[in-house]
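Have a look at the structure below before the remarks.
The values are calculated or read from the model by the stated rules, or taken from the named source; none is laboratory data. Because the structure is predicted, anything quoted here is derived from the model rather than measured. For neighbour counting, all protein chains shown are included, and Cβ atoms are generated from backbone atoms with ideal geometry for every residue, glycine included.
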Amino acid sequence: MSHQTTEHQIPLNIAVLTVSDTRNESNDSSGQYLVDSLVSCGHILAAKKIVIDDIYQIRSAISQWIAADDLQAVLITGGTGFTSRDSTPEAVTPLLDKIVDGFGELFRAVSLQQIGTSTIQSRALAGMANKTMLFCMPGSTGACRTAWEEIISSQLDSRQGPCNFVPQLKGIDIAACQHRN
């Protein structure tokens, strides 16, 4: 992580992936919440997709996005629980170059106050792959709200100090952005 911040926010290109066997564009409230939130914070929705809870379909969508030159983050909702169909962590973990252990820990700590000890069943995780941040969170809209508002939005904001993930992302030149301000 870097202690570099900017005076003005750097808009990031962010993709949203919903992992669900039952959701579609008309009832994907969690994916839509993430889209609305990232756009309202000044970021750019680069792509949005819904895939069934299948390791290979999840990996395929994410692999295309992390290979793209102009995408800095992927928000993934769903598939992080303990049912037999929940496979997002198994799909994502092998793709990661680095794991952000603190994300899952902090998410569960914040969630404890909202849903009690049921938070231990969340396998929320985050990491970096090809200089692209990936955040995996539960499928409920409330969990997405918690993750976005309490953790993710500030860590994808180049103004957040003492540090944030933005200087580590592909296509971001903090020094050049500071000179433009």
In segment 51-68, residue nearest to Cys136 (Cα to Cα) [restricted to those that are assigned to a loop (DSSP other than H, G, I, E, B) and not small (Gly, Ala, Ser)]: Asp53
Given the conditions (1) over 21 Å from Thr5 (Cα atoms); (2) touching a residue at least 24 places away in the same chain (Cβ under 8 Å); (3) not acidic (Asp, Glu), and given that Thr119 satisfies all but one, which numbered condition is not satisfied? (2)
In segment 1-45, how many are surrounded by 15 or more Cβ atoms within 10 Å (Cβ to Cβ) and over 19 Å from the mean Cα position of the chain (by Cα)? 3
Only one of Phe82, Phe107 is exposed (fewer than 13 other Cβ atoms within 10 Å of the Cβ), at pLDDT below 95 and not polar (S, T, N, Q); which? Phe82
Do we have any residue at all in segment 155-177 that's within 14 Å of the chain's Cα centre (by Cα), at pLDDT 90 or above and small (Gly, Ala, Ser)? no
Candidate set from segment 149-162 (those that are in contact with a strand residue (DSSP E or B) (Cβ under 8 Å, 6 or more places away or on another chain) and in contact (Cβ under 8 Å) with a residue 60 or more places away in the chain); member that is nearest to Val110 (Cα to Cα): Ile152
For segment 115-139, what are the residues that are more than 19 Å from Val92 (Cα to Cα) and crowded, with 16+ Cβ neighbours inside 10 Å? Ile115, Thr119
Is one or more of the residues making up segment 53-70 in contact (Cβ under 8 Å) with a residue 12 or more places away in the chain, touching a Ser or Thr at 6+ places or on another chain (Cβ under 9 Å) and more than 19 Å from Pro94 (Cα to Cα)? no
Residues of segment 52-99 being more than 16 Å from the chain's Cα centre (by Cα) and of a type in the set (Val, Ile, Thr), in sequence order, are Ile52, Ile55, Thr83
Only one residue in Leu71, Leu75 is hydrophobic (A, V, I, L, M, F, W, C), surrounded by 18 or more Cβ atoms within 10 Å (Cβ to Cβ), on the phi < 0 side of the Ramachandran plot and part of a loop (DSSP other than H, G, I, E, B). Which one? Leu71
Exactly one condition in (1) over 30 Å from Arg85 (Cα atoms); (2) in contact with a helix residue (DSSP H, G or I) (Cβ under 6 Å, 6 or more places away or on another chain); (3) modelled with pLDDT of 95 or more is false for Val19; which is it? (1)
